[in-house]
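The values are calculated or read from the model by the stated rules, or taken from the named source; none is laboratory data. Note that the structure is predicted; figures quoted are calculated from it, not measured. Every residue, glycine as well, gets a Cβ built from its backbone with ideal geometry; the counts of neighbours run over all protein chains shown.
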Amino acid sequence: MAITDRHLVTAIVVTHDGETWLPAVVAALASQTRPADQIVAVDTASIDSSTKLIKAARIALIAADRDCGFGDAVALAVAKMPKHIEGNSEWIWLIHDDCAPTPTALEKLLEAIDDRPQVAMVGPKLLGWHDRTHILEAGISIAGNGARWTGLETDEYDQGQHDGIHDVLSVSTAGALIRRDIFEELGGFDSNLSLFRDDIDFGWRARVAGHGVIATTAAVAHHAQASASERRSVDVNGALLHRPLLLDRRNAAYVLLANSSWWMIPWLSIQLLASAMVRSIGYLLAKLPGYAADELLAVGTLIIQPAEIVRARKFRKTKRLVSSRVISSYIPPRWSQIRLSAARIAEVIRAKVIPVTESSSVSVLNSLEEEDLLVPTQRFQISKLLKNPAIFGFLSLAIITLIQSRNRFGALNGGALVASPSGARDLWGIYFESWHQVGMGSSAASPAWLAVVALASTLFLGKTPLLITIFFLAAPLLIMWSGHSFLRKLSNNQFITIPASFLYALSPVVLASVNSGRLATLVALIIAPQIPMILSDWKQVETNNWRRIYALTILLAVLTSFTLITTLASLGVIGFAIFSDYNEKLEKPLFLARLYKRLTLLIFPFVLVAPYSFEALIRPSRFLAEPGLNLAGGSTALVLSGNPGGAGSLPWWTVSPILLLLIIALFSSSNARSFAQVGISFLSAAVLFSSLSITVHGNSAGTRTWVGTFLVGATLASVAAGVVILDRLRTVLIASNIHYRHILAGLLLIITSLYSISSVGWSITAGADSPVQSNMKGVMPAFLTTEADTKTLVLREVGAENSKSIQYYISRGEDISLGEPDVAPGQVRAIEIAAQELIDGSGINSSQVFSSYGIKYVFVKNPFSRNVIRTIDGLGGFARTSATSAGVVWRVTGVTGRIIFTAKDGTRSVLEAGEVGARTMVYGPGSITLTETFDRSWQVLQNGYRLDRAKDEQSLPQFQVKEAGEISLIHDGTIRRAWLSLQLIAWTLAIILAAPAGRRKREISVKELA
Amino acid sequence: MKFEKPFLFLSALIASFMIASGVTTVSKPSNYSESYPVVVCPPTLKGLTSQISISSRKVQYQRLENRSSKTVPFKALRFPVTKDSLVISAQGTTPLIWQSRAGSWAGGTLCSGPSSAAWFVGGTANVTTRGRLILVNSGLSDAIVDIQSYTENAKQPIKSVNLKSKSFMQFSIDTLAPGDKALAVHVVPRSGRVNAFMIDEQGAGLKALGGDFVNSYPSAAKEVVIPAIPNQLPKKGEKASSLHTLRILTPGDVNTTFTLEVLSADGSFVPVGMSSRSIDAGVVSEFSFKPKISASAFAVRITSPEPIVASISSSVTLSGRKDFVWSTATPPLTPMSIAVTGLSPLIAFAGDSIAVKVQTKLINGKTISAVVKGSDIATWRVPENARSITIISSSKGVFAGALIASSNGYGFIPIQNGSALTRVEVPNSNIRVLNP
């Protein structure tokens, strides 16, 4: 074909182990509508048949070393070309060995530059090699964090949406046409960029030298991206350990630092380092430690060789003709990067949640368009919607919940639930701090559920009260959803699964938990149905992969963080399973495989909530505690019926069908028997533990254990057994004559119906007045909260109308908030005696005791026995300061405060104290008594030295001061910080192990890639 | 066996239930400590002599103004007091104090625990009065007491008094409503451990007109029983019998009526003019009556649609000297003990059906029992060598009062507990109190 244009084009093909693609590339070059005037190939010592293929195609071949980079290879070819003649329009066309231009590619590239004399570089639209509708690039740029920027979506389908000629920062070297004179003038590709990003660098340099770079989509090439997608080994000089990602990231940073304005370099360095760290964390989560290391090494290798950057910048300075700012319009704005990232994440989530199902498309020919005109339009009908059992079920539950929760629209507390702090920050504070200002003070480890709630609060803009209110409102619906997601695995009949999950959401344990503020039980009710879904085969646990085991570990850890009852239940279930495995006399490898996975599920969740869980080993009552106040559960008989009892629970006459269902299912011949066995086990445990009383969470009186968490297992098993039975019962009943099954079914139906009616009726009437309410008035009067750092002994008559009892605790000026009961210490014996004597009138020394423990006020909250108030009035050492409708306040006479200084002559004075630590002056030798519980972490420093610490007569920390001067009181939180660090590491490890593993690029199929 | 496993699980559940029911370790939500609060006796005012009857020599006491908490035993069964008010750890047997002014009057009252309120219906604020209201603060903190007086003319403004810890205060009752004759005083401690006592002593110039303790009653009620009213019978040849004056007040805001029924050995009856008699609210009313009865003591039962407080003043003559006795209302009889060493009171029981078992402990340590039965009223004289009497049991609706005669005068003592067994709950430490 005769060449009619004025250009002279030399195609340079660089090959490196490219036999896979080379035949197509050579064919593409040969079939150009405007052939290249000359074709030169540079082979970098390919170890496959690439050279043979080149030679067979009669293309001139230049041999290069194997570690020769792409730029160097091109430079070799250019050097061998005849000298450029001034005035000639001479171009070099760079062809990768995995890049096949379409027949019109060169013609269209030349057309684009015909009337654009300023253009130095022009590139085609790059499409996928395998999926030829997949657009890869139409011009490229670089983001501030070094990411290669194409402006395209992932797997974007090419339908001409980017067509046209675009001014761009650069184009890929694959198929790029570069003016030879400018190429030589700019010094070719940077030899430091042996592979990757050399294209962006060259485009950038061309731009600041005053030339144009364009992409024309009329020209098309198909690119396999073999090096980037790790289809072949990267052997170029500088490619440490032959890792393409490392080279790519290193070169990206190099391009940015070598070309950007000098004043941008600090900011760019930070950005590069931060993004490298973020990406490496992401890769770690995806279990790709190699890639994570690449990210950090890339930046590292560049930082240790700053001379390279300096040289590169000097060289560029000599070629720069225009301001660096000319490229700013080609750098993608940060907002575009965020938008694109968000879209990609959303797409990943969508693909997981709503996977695309392949649907058979209906032929247009099959549609009856004419008939459509005759058929009346189908309108949306609510009645039809309500006939859907799922919608009807959830809607009914939502209405019942709303009516039942009419007193719960606002910040909640009451029952076991205490008031929430205003923000997640306060929760984090309680979680992180090593010392808690509760009662006489406590160094107990905060439970991990605080961190879970604080994290969840972030979704509500840090508003914890809002989170708690919404959680309690939505809990029944979440429980029903979770229950249904499990039950539908057991039966496809929605008319069985929806009522069953509805009953699960209205079970006695749910109603009691919502009404009495049991956070842990509610979380257990939501999580429990998900456990059998994750671990499909518990018996043959070895068939579940480790990722699944770790996912369940995290779920169990979340549950364990709320209540250590989970550990007890796991111990029972796992212990029984190991025993069964042992009895089966399995082969050792199989036995061990099961043992490891079972023990992981038992031990790892316990470790993840350390140190709170470890402390429970020395305070075993914590194993039966739930978050919040320690309120009593119900009697053993009530528990046997599936009702945990206690404040806010269903009355005894609303007998639930749980026990009956379990017993019937126990004698069933179906799978329901397995569920019944599990349910009966949980019920037995609940009954046994309900007989115990525990002293925990700042309550010195033994309180009957709340066994709601055990009953979650019994309730769920009972509902599941019911679903299994009912699923096949209908057909059995129809097919058989009347016998005991009919009677049992009828009985069960009657009891279930009666329970449904009575429980719903109760919950929307009397149940609405249960202990958890919104906007309840605080306990502490405002005037006692104003004096900072003051201990007040609060006396109250609490309990039901007929069983009120006098109780007391030390307040730090405010009502308690979420998390504080869990770390509340027990009472000091001396204070217990003093409080008792205060009530019975024999406490002549009560005020002295209170004073020595830093208690400044005694507050009796109304209503209270007038006789006791008179008794306190009559005791010495208490000066009445106020009597209001809130109650009566006495000031404890004597010198008292948080930090008391006793001089050598015995004079006592109160020193200024902060919230936990303090910095204050002492004016002579003496002793400092801190009226907080003794703890080894309390330290007082003076002149940089620690003062001697001892216990005083009241077992309070006391420090000996030898001279006047400034002192600093601190509570050393090093141990707490260490625990938190370990916890963070353990959780990160668990999440990484549970997260789906990422694939290295070489593991991704070609089809998926292109 | 087909159902071996199901039965195994079912058995496990039943066993769990039985074990749980058997070994429930739940402790009681609250425990109680029981004790008798210390009782306080009134101080001995200038010119008076006092003697306290105690049931045991080992009973511990402490002088009111003693700042230490140390107590000492009495080492005697009758203890003379010169000045101080005594705080006694009586341990259930209420001590009794008998005070007298030589040649003028005598009267007694129970040493009692701190009260939440006390009604004194008695005394006068006119020129004849030498009466005193005594407030004792036995607590270690200062006390504030409100005093509300009522007279035949009007309800008086509330007077608030501050009392230092471990101290007493006395002031003339004429300062409560100067010039008024019929007084009723309501003492309400606002804070502190306070006891109140009232002495009504009268005289005209140098002539003593008698005196007595006015015993208190805790609250107004719709039925008031005054169980022991002395009825000095006329000697041969004399016409007049004792004059009795009912002093009555309805402290509410509504006028009311009352009916007074005399309960005597001669039968029960309503004296003329004492049926549905109207009285004004907030104003003290007085009504005199002279019932013709043959016994030396009688009782009255006063009923009203509105709560009332009442007492009866009876004139007596002793060795030609005039004296009077304030008989006050008492609560229904309950088991109790009162120390009576050195006294031999006449106890009158009033009620529709009286059946009271009384045990007397003598000075020599022996005990004797008696059962008092009757209807309307029954009297029983305590043996002279008794150290304490104990009401073992009593039928319902029985009230009792004691009349004591001495060389210096007559006195009335309500038979009631001076310090009831108090059951105080032992408080628990629970952080729950800091949550609404």
Exercise for the section: Looking at (1) facing chain B (nearest Cβ under 10 Å); (2) surrounded by fewer than 20 Cβ atoms within 10 Å (Cβ to Cβ); (3) part of a helix (DSSP H, G or I), find the lone condition where residue A:831 falls short. Expected result: (2)
Fill in the blank from the handout: Counted residues in the range B:179-200 being away from chain A (no Cβ under 14 Å) and surrounded by fewer than 24 Cβ atoms within 10 Å (Cβ to Cβ) come to 4
Handout entry: So residue A:847, is it facing chain B (nearest Cβ under 10 Å) and not in a helix (DSSP H, G or I)
Key = no
Practice task
Name the residue, out of A:881, A:902, that is over 18 Å from residue B:114 (Cα atoms), more than 8 Å from every other protein chain (Cβ to nearest Cβ) and surrounded by 15 or more Cβ atoms within 10 Å (Cβ to Cβ).
Solution key: A:902
Practice task
Would you mind finding the one in B:384, B:425 that is within 14 Å of chain A (Cβ to nearest Cβ) and surrounded by fewer than 24 Cβ atoms within 10 Å (Cβ to Cβ)?
Solution key: B:425
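A quick yes/no check of all residues on (1) crowded, with 16+ Cβ neighbours inside 10 Å; (2) within 8 Å of chain B (Cβ to nearest Cβ); (3) not hydroxyl-bearing (Ser, Thr, Tyr):
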{"position": "A:768", "(1), (2), (3)": "yes, no, yes"}
{"position": "A:777", "(1), (2), (3)": "no, yes, yes"}
{"position": "A:781", "(1), (2), (3)": "yes, no, yes"}
{"position": "A:786", "(1), (2), (3)": "no, no, no"}
{"position": "A:795", "(1), (2), (3)": "yes, yes, yes"}
{"position": "A:816", "(1), (2), (3)": "yes, yes, yes"}
{"position": "A:820", "(1), (2), (3)": "yes, yes, yes"}
{"position": "A:823", "(1), (2), (3)": "yes, no, yes"}
{"position": "A:827", "(1), (2), (3)": "yes, yes, yes"}
Handout entry: Residue count, the range A:51-69 (criterion: closer than 23 Å to residue A:193 by Cβ and at pLDDT 90 or above)
Key = 3
Exercise for the section: Confirm whether residue A:858 is within 11 Å of chain B (Cβ to nearest Cβ), under 26 Å from residue B:35 (Cβ atoms) and at pLDDT 90 or above. Expected result: no
Practice task
Taking residue A:735 as the residue in question, decide whether it is surrounded by 19 or more Cβ atoms within 10 Å (Cβ to Cβ) and not aromatic (Phe, Trp, Tyr).
Solution key: no
Exercise for the section: Spot the failing condition for residue A:223; the list is (1) touching a helix residue (DSSP H, G or I) at 6+ places or on another chain (Cβ under 8 Å); (2) closer than 30 Å to residue A:100 by Cα, and only one is missed. Expected result: (1)
Handout entry: Enumerated helices (runs of 4 or more DSSP H) restricted to the range A:512-630, each holding at least 2 residues that are more than 27 Å from the chain's Cα centre (by Cα) and hydroxyl-bearing (Ser, Thr, Tyr)
Key = A:565-583
Fill in the blank from the handout: In the set A:152, A:76, A:106, A:136, the lone residue that is surrounded by 16 or more Cβ atoms within 10 Å (Cβ to Cβ) and within 21 Å of residue A:33 (Cα to Cα) is A:106
Exercise for the section: Give the residues of the range A:648-677 that are more than 9 Å from chain B (Cβ to nearest Cβ), within 37 Å of the chain's Cα centre (by Cα) and touching a residue at least 40 places away in the same chain (Cβ under 8 Å), sorted by residue number. Expected result: A:648, A:649, A:650, A:658, A:671, A:672, A:675
Fill in the blank from the handout: Reported set for the range A:833-860 where residues are in contact with a strand residue (DSSP E or B) (Cβ under 7 Å, 6 or more places away or on another chain), touching a residue at least 60 places away in the same chain (Cβ under 8 Å) and of a type in the set (Gly, Ala, Ser) is A:854
Exercise for the section: Select from the range B:101-144 the residues that are basic (Lys, Arg) and more than 13 Å from residue B:210 (Cα to Cα) and list them in ascending order. Expected result: B:132
Completion exercise
Those residues of the range B:328-341 that are surrounded by fewer than 23 Cβ atoms within 10 Å (Cβ to Cβ) and either in a strand (DSSP E or B) or aliphatic (A, V, I, L, M) (or both) come to a total of 2
Practice task
Out of the residues in the range A:692-716 that are among the polar types (S, T, N, Q) and more than 7 Å from every other protein chain (Cβ to nearest Cβ), state the one that is surrounded by the most Cβ atoms within 10 Å (Cβ to Cβ).
Solution key: A:709
Fill in the blank from the handout: Every listed condition ((1) at the interface with chain B (Cβ under 7 Å from one of its Cβ atoms); (2) in contact (Cβ under 8 Å) with a residue 60 or more places away in the chain; (3) surrounded by fewer than 23 Cβ atoms within 10 Å (Cβ to Cβ)) holds for residue A:864 save (1)
Problem - Of all residues making up the range B:115-163, the number that are basic (Lys, Arg) and either within 23 Å of the chain's Cα centre (by Cα) or within 13 Å of chain A (Cβ to nearest Cβ) (or both) - result: 2
Practice task
Taking residue A:689 as meeting all but one of (1) more than 20 Å from residue A:511 (Cα to Cα); (2) crowded, with 24+ Cβ neighbours inside 10 Å; (3) more than 37 Å from the chain's Cα centre (by Cα), write down the number of the exception.
Solution key: (3)
Problem - Within the range B:208-232, tally of residues that are more than 14 Å from residue B:249 (Cα to Cα) and part of a strand (DSSP E or B) - result: 13
Problem - Residue in the range B:134-141 that is of a type in the set (S, T, N, Q) and farther than 23 Å from residue A:843 by Cα present - result: no
Practice task
Would you be able to say whether some residue in the range A:717-727 is more than 14 Å from every other protein chain (Cβ to nearest Cβ), more than 39 Å from the chain's Cα centre (by Cα) and among the charged types (D, E, K, R)?
Solution key: no
Completion exercise
(1) at pLDDT 85 or above; (2) facing chain A (nearest Cβ under 9 Å); (3) crowded, with 19+ Cβ neighbours inside 10 Å all hold for residue B:19 apart from (3)
Problem - Flag for residue A:254 being over 20 Å from residue A:193 (Cβ atoms) and modelled with pLDDT of 80 or more - result: no
Fill in the blank from the handout: Going through the range A:788-816 in order, the residues found to be at pLDDT 80 or above, in contact with a strand residue (DSSP E or B) (Cβ under 9 Å, 6 or more places away or on another chain) and in a loop (DSSP other than H, G, I, E, B) are A:790, A:812, A:813, A:815, A:816
Fill in the blank from the handout: The one condition residue B:120 fails out of (1) buried (at least 24 other Cβ atoms within 10 Å of the Cβ); (2) without any contact (Cβ under 8 Å) to a residue 40 or more places away in the chain; (3) aromatic (Phe, Trp, Tyr) is (2)
Completion exercise
Within the range A:193-235, restricting to residues that are hydrophobic (A, V, I, L, M, F, W, C) and assigned to a loop (DSSP other than H, G, I, E, B), the one that is modelled with the highest pLDDT is A:209
Completion exercise
Requiring at least 1 residues that are outside the structural domain of residue A:820 (by TED's automatic domain parsing) and polar (S, T, N, Q), the helices (runs of 4 or more DSSP H) wholly within the range A:653-737 are A:672-689, A:708-735
Practice task
Would you mind stating whether residue B:325 is farther than 26 Å from residue B:118 by Cα, part of a strand (DSSP E or B) and away from every other protein chain (no Cβ under 14 Å)?
Solution key: no
